[in-house]
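To keep things clear, I will list the structure first and then write my remarks on it.
The values are calculated or read from the model by the stated rules, or taken from the named source; none is laboratory data. All figures in this text were calculated on a predicted structure; none of them were measured in a lab. Neighbour counts are summed over all protein chains in view; Cβ atoms, including those assigned to glycine, are modelled from backbone coordinates with ideal geometry.
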Amino acid sequence: MRIGILGGTGPAGSALAARLASVGFDVVIGSRSKYRAMEAVDHILERWPDRRLPVEAADNGGAADADLIVIATPWDGATQTAVSVEGHLRGKVVISMANALTRIGKEFQPLVPPRGSVAASVQAAVPRCMVAAALHHVPAKELGDLDHTIDTDVLICSDHRAATDATAELVAKMPNMRPLDAGGLSQATPIESFTAVLLELNFRYKTRVAVRFTGIGDDPAIPAASASAAAKELVDGGAGAPAADPPAG
Ligand SMILES: NC(=O)c1ccc[n+]([C@@H]2O[C@H](COP(=O)([O-])OP(=O)(O)OC[C@H]3O[C@@H](n4cnc5c(N)ncnc54)[C@H](OP(=O)(O)O)[C@@H]3O)[C@@H](O)[C@H]2O)c1
């Protein structure tokens, strides 16, 4: 399965590209400039020369040709970027990991984008794709360090069952990362804005935190309700989106 990352030249997108490639996905790093994408690919391959990571470079349009798309741009470029490749996104799962934040002095503050979240803005602007909000709280530096795993939960929300399921399958392939189905896309508002809290913790405790929830069970399995055959096919090698697309619930 090919995963395209729009804005994949930044710390978050490059780290995700390396991590996904390390667990067997073919990854296309996208950029507004293919040259910058090639530099990002070179950087990954030079850092991990012995791993033969399947990562390639493209402009954002080329990356959007992949089977599943991740938006890893700053929040205020996410919707415009999705719209710019709209024709490639139809019927596909699109993961939005962008957080709408600003820094005022030393304080991180959440912003409220149109529709309440970046993910909902993207979904409204490109209604024929299936947006899942996920990966907002995974620190890029640790994600990109392939010598170590990250112990973390990944909250996923979407109005499309197939998008939640495909995202959960993808997250579960990364060691020690547990996907959690957090409900419909309206939950993207608190999920995105909670990132400001994590950044405050990082600042105050001079660290980089990750999120783990207790009370759900120790076995880091995908929730049974989320393990649809359609999502498995999408992640394990099928192309295109499942035909059935009931809302998640
Ligand atoms: N950094 C983290 O630890 C982390 C963790 C989880 C989630 N996130 C979220 O992931 C997203 C990316 O984070 P990042 O730190 O990698 O961000 P970044 O470095 O600021 O941006 C990523 C890439 O987006 C492209 N870009 C910049 N401005 C753009 C615009 N106006 N329109 C379209 N593309 C634009 C650039 O690529 P080109 O110039 O090559 O096109 C840039 O390299 C953010 O929304 C962030 O909140 C970050």
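Of all residues in the stretch 47-79, exactly one satisfies the criterion of being within 18 Å of PRO11 (Cα to Cα) and of a type in the set (Ser, Thr, Tyr), namely THR73.
Could you tell me which of the residues LEU180, LEU146 is modelled with pLDDT of 95 or more and surrounded by fewer than 18 Cβ atoms within 10 Å (Cβ to Cβ)? Working first, answer last.
Details: LEU180 fails: surrounded by fewer than 18 Cβ atoms within 10 Å (Cβ to Cβ).
Just one listed residue meets the conditions, LEU146.
Which of the residues belonging to the stretch 168-219 are of a type in the set (Asp, Glu) and free of Cβ contacts under 8 Å to residues at least 24 places away in the same chain? If you could, list the steps in order and put the result at the bottom.
Of all residues in the stretch 168-219, those of a type in the set (Asp, Glu) come to 169, 181, 192, 200, 218-219.
Answer for the stretch 168-219, where residues must be of a type in the set (Asp, Glu) and free of Cβ contacts under 8 Å to residues at least 24 places away in the same chain: ASP218, ASP219.
Applying the criterion of at least 3 residues that are more than 9 Å from the ligand (Cβ to nearest atom) and buried (at least 23 other Cβ atoms within 10 Å of the Cβ) to the helices (runs of 4 or more DSSP H) found wholly in the stretch 1-105 leaves 11-22. Could you please find all residues in the stretch 178-209 being in contact with a strand residue (DSSP E or B) (Cβ under 7 Å, 6 or more places away or on another chain), within 13 Å of the ligand (Cβ to nearest atom) and over 12 Å from ILE156 (Cα atoms)? Once the filter is applied, which keeps residues that are in contact with a strand residue (DSSP E or B) (Cβ under 7 Å, 6 or more places away or on another chain), within 13 Å of the ligand (Cβ to nearest atom) and over 12 Å from ILE156 (Cα atoms), the stretch 178-209 yields SER193, THR195, ALA196, LEU199. Within the stretch 120-143, which residues are surrounded by fewer than 22 Cβ atoms within 10 Å (Cβ to Cβ) and within 14 Å of the ligand (Cβ to nearest atom)? Hits for the stretch 120-143 are ALA125, HIS137, PRO139, ALA140, LYS141, GLU142.
Contact map, the stretch 154-166: first residue polar (S, T, N, Q), second residue surrounded by fewer than 24 Cβ atoms within 10 Å (Cβ to Cβ) and assigned to a helix (DSSP H, G or I), Cβ cut-off under 9 Å, separation 6 or more or different chains; pairs are THR164/SER226.
Just give me the residues in the stretch 128-164 being among the basic types (Lys, Arg) and over 29 Å from ARG52 (Cβ atoms), in sequence order. Steps first, please.
Kept after step one, since they are among the basic types (Lys, Arg), are these residues of the stretch 128-164: 128, 141, 161.
Answer for the stretch 128-164, where residues must be among the basic types (Lys, Arg) and over 29 Å from ARG52 (Cβ atoms): ARG128, ARG161.
Pairs are defined by a Cβ separation below 7 Å, a sequence spacing of at least 6 or placement on different chains, a first member in the stretch 1-27 that is closer than 19 Å to GLU142 by Cβ and among the β-branched types (Val, Ile, Thr), and a second member that is away from the ligand (no atom under 11 Å from the Cβ) and part of a loop (DSSP other than H, G, I, E, B); the pairs so defined are VAL23/LYS173; VAL23/MET174; VAL27/PRO54.
Select from the stretch 130-172 the residues that are basic (Lys, Arg) and farther than 18 Å from ALA12 by Cα and list them in ascending order. The answer is ARG161, and nothing else.
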